[in-house]
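The values are calculated or read from the model by the stated rules, or taken from the named source; none is laboratory data. Because the structure is a prediction, the values reported are computed rather than measured. All Cβ positions, glycine included, derive from the backbone under ideal geometry; neighbour counts span all protein chains shown.
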Amino acid sequence: MTETDYSLQDSIDTISAVVERKKNEISDLEGKLKRYRKQDKKDAVEGLIKYINADMVSYITVLADLSGDDSLLEGLDLDGIDDVERPDCYDKYLESQGSDVVEQEMKADEIRADHCSGVLEAWYEDIGLQALGSDKMIRVMMKDPYILGVIGEAIFDDDILFDKLNKCFSGSKKKSKKKSKKGKKKD
């Protein structure tokens, strides 16, 4: 996690509370929507509802992953939630809910961001292992200057890896020198 470490249970409790709060907010906003007459007000509230719903769905996916309960994902519409833009009025709306809500939202957002970063790191490692385990993929990567640069930079920035790389090459040079000396002696 980032600045503050949260226990798994604390993370689950925080995300669960945010999901429940967002469900209530959506319900309240849908009730208010029916009372509005002006289209611009209706559009603003509909945009807010759409954003809160998308945000809630993203929290539910994190909650399902943290708790190991995939049943939480049943019935969720996951399509298009990444395309929902945050309305300009959201910050004002959130602040109007009180400082406790803002604090809880910030904590939940930090937990979600840390969790998503961890998931991405695990995916990257898995993809890297798959790629390095495939001779065909290694040949493809060796032809790509960008990939070679990324690998080279990662090795260069890691003192241990860089030392090991140097040892690999210094060991192979000694072996090749020994082989060439043996070849000369036979002549």
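Output the residue which, of all residues in segment 76-87 that are over 17 Å from V19 (Cβ atoms) and in contact with a helix residue (DSSP H, G or I) (Cβ under 9 Å, 6 or more places away or on another chain), is modelled with the lowest pLDDT. This residue is G80. Residues in segment 92-140 that are among the charged types (D, E, K, R) and more than 23 Å from the chain's Cα centre (by Cα): K92, E95, D100, D135, K136, R139. Right, A122: under 30 Å from Y51 (Cβ atoms), free of Cβ contacts under 8 Å to residues at least 24 places away in the same chain and not polar (S, T, N, Q) or not? Taking the combined requirement at face value, the residue satisfies it. Does L72 count as over 19 Å from the mean Cα position of the chain (by Cα) and part of a loop (DSSP other than H, G, I, E, B)? Considered against the rule, which asks whether it is over 19 Å from the mean Cα position of the chain (by Cα) and part of a loop (DSSP other than H, G, I, E, B), L72 comes out as no. Screening Y6 on (1) touching a residue at least 60 places away in the same chain (Cβ under 8 Å); (2) assigned to a helix (DSSP H, G or I) shows it passes everything except condition (2). Only one of Y59, Y51 is more than 20 Å from D10 (Cβ to Cβ), part of a helix (DSSP H, G or I), of a type in the set (F, W, Y) and assigned by TED's automatic domain parsing to the domain that holds I12; which? Residue meeting the stated conditions: Y51.
If the condition is being within 16 Å of E25 (Cβ to Cβ) and of a type in the set (A, V, I, L, M), then segment 108-122 contributes only A108.
Regarding E105, is this residue among the charged types (D, E, K, R), surrounded by 16 or more Cβ atoms within 10 Å (Cβ to Cβ) and within 19 Å of N24 (Cα to Cα)?
On the way: among the charged types (D, E, K, R): yes; surrounded by 16 or more Cβ atoms within 10 Å (Cβ to Cβ): yes; within 19 Å of N24 (Cα to Cα): yes.
Against the criterion (among the charged types (D, E, K, R), surrounded by 16 or more Cβ atoms within 10 Å (Cβ to Cβ) and within 19 Å of N24 (Cα to Cα)), E105 qualifies.
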